[in-house]
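The values are calculated or read from the model by the stated rules, or taken from the named source; none is laboratory data. No experiment lies behind these values; they were computed from the predicted model shown. Cβ coordinates were reconstructed from backbone atoms using ideal geometry, including for glycine residues, and neighbour counts include every protein chain displayed.
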Amino acid sequence: MEYEDIVRILAPCGLSCEKCFAFESGEIKFHATKLQTLLGSFDRYAERFSTLIDPVFEEYPSFKKLLAHLTVGDCRGCRGGTCGYKKCGVITCHQKKGVDFCFQCDAFPCEQTNFDPDLKRRWIDMNRRMNEIGVQAYFEETKDIPRYV
């Protein structure tokens, strides 16, 4: 895949926008919509199944609500001007610095991301790996790995 195409898929932090639950044309939205269709009117069955098969089906209303949320992804990606994480410091910073990815900035790693400790660790690891092997090799290495690991 060409570098320009990868830049449209990977956010400046290194995460794949396509794999985000909020991405408008992402895999999660696609599969959630498909599952919602396949379940149809499962509500009444879940109620019956909670006594006939397993009490876990009592949780179906909560699951259905979450599933519905996963079907409405409307984010166009970080580079598309919308990001679900409103506090993200990377979006505006990479534009100001004129870099495609954080590792390309002289100040990397910095304290401007506003990431929680887990995401900050992942951000540093992703960008160090991109710097080490190149953006295209990094994309190939990670394209089949789930975003939420």
statement: Quick count over region 9-45, residues being surrounded by 15 or more Cβ atoms within 10 Å (Cβ to Cβ), within 23 Å of Tyr85 (Cα to Cα) and of a type outside the set (A, V, I, L, M), is 15
statement: Here the qualifying pairs (Cβ atoms under 7 Å; residues six or more apart or on different chains; first in region 33-48 and farther than 24 Å from Phe21 by Cα; second modelled with pLDDT of 95 or more) come out as Ala46/Phe57; Ala46/Tyr60
field: Top-ranked residue in region 123-144 [being within 16 Å of Cys102 (Cβ to Cβ) and without any contact (Cβ under 8 Å) to a residue 12 or more places away in the chain; ranked as nearest to the chain's Cα centre (by Cα)]
entry: Asp125
task: Please find, within region 73-90, the residue that is nearest to Cys17 (Cα to Cα) out of those that are modelled with pLDDT of 85 or more and outside any loop (DSSP other than H, G, I, E, B).
output: Cys75
query: Hey, among Phe63, Phe57, Phe49, Phe101, which residue is at pLDDT 90 or above and in contact with a Gly (Cβ under 9 Å, 6 or more places away or on another chain)?
result: Phe101
query: Which residues, taken from region 96-111, are surrounded by 13 or more Cβ atoms within 10 Å (Cβ to Cβ) and assigned to a helix (DSSP H, G or I)?
result: Lys97, Cys102, Phe103, Gln104
- request: Kindly check whether there is at least one residue in region 56-72 that is under 17 Å from Ala11 (Cα atoms), in contact (Cβ under 8 Å) with a residue 40 or more places away in the chain and part of a helix (DSSP H, G or I).
  value: no
